[in-house]
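Written out below as structure tokens is the structure these notes cover.
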Amino acid sequence: MKIDLSDISPVKKSLAVEVDSEEVSKETTAVLRRYSSQVRLPGFRQGKAPAEMVRKRFAKEIEADVRERLISRLWREAAQEKGLSPLGDPVLDELEHEEGRPFRFKTTFEVLPQLDVKDWKGVEARRPKAEVSDREVEDTLESIRQSHAKFAPDPARLAEPGDVLVADVTERSEGEEPKTRERMVIEVGSDQNPEAFNAKIAGAATGAVIDFPVDYPADHPNPDLAGKRVEYGVRVHEVRRKELPPLDDELAKDMGDFADLAALRTRVRTDLQARKESAAAGTVRQAVLDKILLANPVALPEILVEEEIRHRLEDMVREMMFHGMDPRSMELDWKQLRDRQEDAARKTVHARLVLDSIAAKEDIRVERTEIRERIQKEAARIGEDYEALHARLSKGGGVQALETQLVREKTLDLVTSLANIQNAE
């Protein structure tokens, strides 16, 4: 076998392979033998038809099969001989396949870049302050108080911001059938409602019927509404007044094992402090990684970038469906959505390559117990049995992917531990 390897880029290779006609004859004989054992021709039992008759009857199929098997096998053997680990399948650029002549083909494919990460120790970074103010504590307590609000029907009340309506809502968009949702609970003045919608329902009374249009801007986040005029019909069944409990010891006791409001306030401050410290640590880790990426530019295999973009789009679709939106019924510009993901996808792939290189150099590994603990933690989070989750992950290569993720996390831990981190003043 003759092999000619050439570099197109640091991550893209061209591989030309040639074998003599004898190799083609051997492969043809093997393929013909398999066809002969499987096909059934008129007048013959399965596997009993003469080989020459089978060859003539399935000439095109046999030739295509031989060609495919030779390319697949020879390409992998040639790549292995040259010490290459291709990413994905090759692109066939040239092919010469004539009876009695050498078999030649040329492919291009991508590989991981050769990367020796530099300047990853002692990276300078600043840790942001993680201080909790009294205002933040009081704002959180007020959010808790708001979450314990009750809404009492008030037939004589005119709806005010903060009240809720129980109403049937009909939507009519141009060119679409009207859609009615019964007994919806609508918060008056909510920032989730269009401003024009809030303006029309403010002051509504029990029994009121309100009809009005809302023009949605072209850049509205919901593609089903963007740039459209929607006619709304709102039939109010109830106006409910918001009743807030006092911020006192009784509310604290309702929240759990708290003796009084002071104990709840202490817990709130502790939780906010932990959250801020976690966010500060994440900021430091990202800052350190960003500096290492900047110091180590590298050519990225496009196959990995496209794979990451695909995963991001799949996550986006799942998120839409979770919120009750069907992407198939939406006029989405998939090219635009794809292009918006490209920069972030490239940075993610870059970071993985850098961390993988450091991990290999430093021989960073994870133990089976660490993988098990992470799966147990995830199983508890989603309320699934550990064995069931482990089996599901194992089928799709998820356990190996988790191991890779944990190695990268430990590598970033190491890099951050060796960084020169200064506290922000």
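To test your reading of the geometry: what angle, between 0 and 90 degrees and rounded to tens, separates the Cα axis of helix 134-147 from the longest principal axis of the chain?
With both axes taken from Cα atoms, the answer is about 90 degrees.
Mind checking the stretch 196-230 for trypsin sites (Lys or Arg not before Pro) that DSSP puts in a loop (not H, G, I, E or B) and that have at most 12 other Cβ atoms within 10 Å? Display every interim value, and only then the final one.
Numbers: sites: 200, 228, 229; in loops: 228.
Loop-located and lightly packed - none at all.
As an exercise, identify the GluC sites (Glu not before Pro) in the stretch 119-216 lying in DSSP coil whose Cβ has no more than 12 other Cβ atoms within 10 Å. Provide the component values of the computation, followed by the final result.
On the way: sites: 124, 131, 136, 138, 142, 171, 174, 176, 182, 187, 195; in loops: 131, 174, 176.
Sites meeting the loop and neighbour criteria: 131, 174, 176.
Counting other C-beta atoms within 10 Å, which of 120, 334, 75 has the fewest, and how do the rest follow?
Listed from fewest to most nearby Cβ atoms, that is 334, 75, 120.
Among 167, 258, 32, flag the residue with its Cα farthest along the positive direction of the charge dipole of the chain, charges on Cβ as +1 for Lys/Arg and -1 for Asp/Glu.
So the residue we want is 32.
Under 20 Å between alpha carbons, and skipping anything fewer than 8 positions from residue 118 in its own chain: which aspartates and glutamates qualify?
290, 356, 362, 363, 409, 413
Helix 334-362 versus the longest principal axis of the chain: what is the Cα-based angle in degrees, 0 to 90, to the nearest 10?
Value to nearest ten degrees: 70.
Give, rounded to the nearest 20 debye, the magnitude of the charge dipole that the stretch 245-329 has about its Cα centre when Lys and Arg contribute +1 at Cβ and Asp and Glu contribute -1 at Cβ. Present the calculation step by step, with values, prior to reporting the outcome.
Details: 12 positive and 17 negative charges, 69 e Å.
Charge dipole, the stretch 245-329, about its Cα centre: 340 debye, nearest 20.
Of all beta bridges DSSP finds with both residues in the chain, what is the antiparallel percent, to the nearest 5?
On the way: 49 of 53 bridges.
Around 90 percent antiparallel, to the nearest 5.
Taking the Cβ of each residue in 70, 141 as the centre, tally the other Cβ atoms inside 10 Å and list the residues starting with the fewest. Before the final figure, lay out each step's value.
Working: 70 21, 141 17.
Going from least to most buried by this count: 141, 70.
Reachable aspartates and glutamates from residue 13, Cα under 16 Å, same-chain residues fewer than 8 places away excluded?
Once the sequence-local aspartates and glutamates are set aside, what remains near residue 13 is 4, 77, 81, 89, 93, 94, 110, 302.
Placing +1 on the Cβ of each Lys and Arg and -1 on the Cβ of each Asp and Glu in the chain, which of 17, 41, 78 has its Cα farthest towards the positive end of the resulting dipole?
So the residue furthest toward the plus end is 41.
Show me, for the stretch 98-114, the HN-Hα J-couplings you get by feeding each phi into the Karplus relation (A = 6.51, B = -1.76, C = 1.60, θ = phi - 60°), rounded to Hz, glycine and proline as x.
Listing the rounded values in order: 10, 4, x, 10, x, 9, 10, 8, 9, 10, 10, 7, 10, 9, 5, x, 7 Hz.
Could you pull out every one of the aspartates and glutamates with an alpha carbon less than 16 Å from that of residue 228, ignoring same-chain neighbours closer than 8 positions?
Within the straight-line limit of under 16 Å, residue 228 reaches these aspartates and glutamates: 171, 174, 176, 177, 195, 215, 219, 331.
Using a simple charge model, +1 on the beta-carbon of Lys and Arg, -1 on the beta-carbon of Asp and Glu, nothing else, what dipole does the chain show about its Cα centre, in debye to the nearest 20? Write out the running numbers ahead of the final one.
Working: 70 positive and 85 negative charges, 341 e Å.
So the dipole magnitude of the chain works out to roughly 1640 debye.
Mean residue ellipticity at 222 nm from the helices of the chain, using -39,500 (n - 2.57) per DSSP H segment of n ≥ 4 over the full residue count, to the nearest 500 deg cm²/dmol? If you can, show how the numbers build up before the last one.
Values: 12 runs with 205 residues, N = 425.
Taking each H run of at least 4 residues, the total per residue is -16000 deg cm²/dmol.
Dividing the Cα convex hull volume of the stretch 228-364 by residue count, how many Å³ per residue is that?
Details: hull volume 33.2 nm³, N = 137.
Per residue, the Cα convex hull of the stretch 228-364 comes to 242 Å³.
Dipole size in debye (nearest 20) for the stretch 2-110 around its Cα centre, Lys and Arg Cβ +1, Asp and Glu Cβ -1? Let's see the in-between values first.
On the way: 21 positive and 21 negative charges, 159 e Å.
So the dipole magnitude of the stretch 2-110 works out to roughly 760 debye.
Give the Debye-formula value of log10 I(q)/I(0) at each listed q (0.11, 0.17, 0.19, 0.23 Å⁻¹), with one equal scatterer per alpha carbon of the stretch 25-130, two decimals each.
Results for the stretch 25-130 at q = 0.11, 0.17, 0.19, 0.23 Å⁻¹ read -0.55, -0.90, -1.00, -1.20.
Sequence gap of 8 or more, or different chains, plus Cα separation below 24 Å: how many lysine pairs satisfy both in the stretch 277-423?
Lysine pairs meeting the criterion: 9.
In whole angstrom, how long is each semi-axis of the equivalent ellipsoid of the stretch 91-187, when you take the square root of 5 times every eigenvalue of its Cα gyration tensor and sort them from largest down? Write down the numbers at each step before the final one.
Details: eigenvalues 833, 290, 17 Å².
Equivalent ellipsoid of the stretch 91-187: 65, 38, 9 Å, largest first.
Where Rh is the Kirkwood radius over the Cα pairs of the stretch 277-423, the temperature 37 °C and the viscosity 0.692 mPa s, what D in µm²/s does Stokes-Einstein return? Don't skip to the end; give the middle numbers.
On the way: Rh = 17.8 Å.
Approximately 184 µm²/s, per Stokes-Einstein.
I'd like the orientation of helix 368-382 relative to the chain: the angle between its Cα long axis and the longest Cα principal axis, in ° from 0 to 90, rounded to 10.
Helix 368-382 and the main axis of the chain meet at about 40 degrees.
Of 97, 3, 54, whose Cα points farthest to the positive end of the dipole of the stretch 2-110 (charges on the beta-carbon: +1 Lys, Arg; -1 Asp, Glu; origin at the Cα centre)?
54
Could you list 332, 261 so that the one with the fewest beta carbons within 10 Å of its beta carbon is first and the one with the most is last?
Details: 332 14, 261 18.
In increasing order of surrounding Cβ atoms, one gets 332, 261.
Take the alpha carbon atoms of the stretch 50-65, find their center, do the same for the stretch 277-300, and report the distance between the two centers in whole angstrom.
One Cα centre to the other: 59 Å.
Based on the alpha-carbon set only, what is the convex hull volume of the chain divided per residue, in Å³?
Values: hull volume 116.1 nm³, N = 425.
Considering the Cα atoms of the chain, their hull volume per residue is 273 Å³.
None of the figures in this text is laboratory data; all of them are computed from the coordinates on show. The shown structure was predicted, so the numbers you read here are calculated from the model rather than taken from an experiment. Counting neighbours? That spans all protein chains shown, and the Cβs are built from the backbone with ideal geometry, glycine included.
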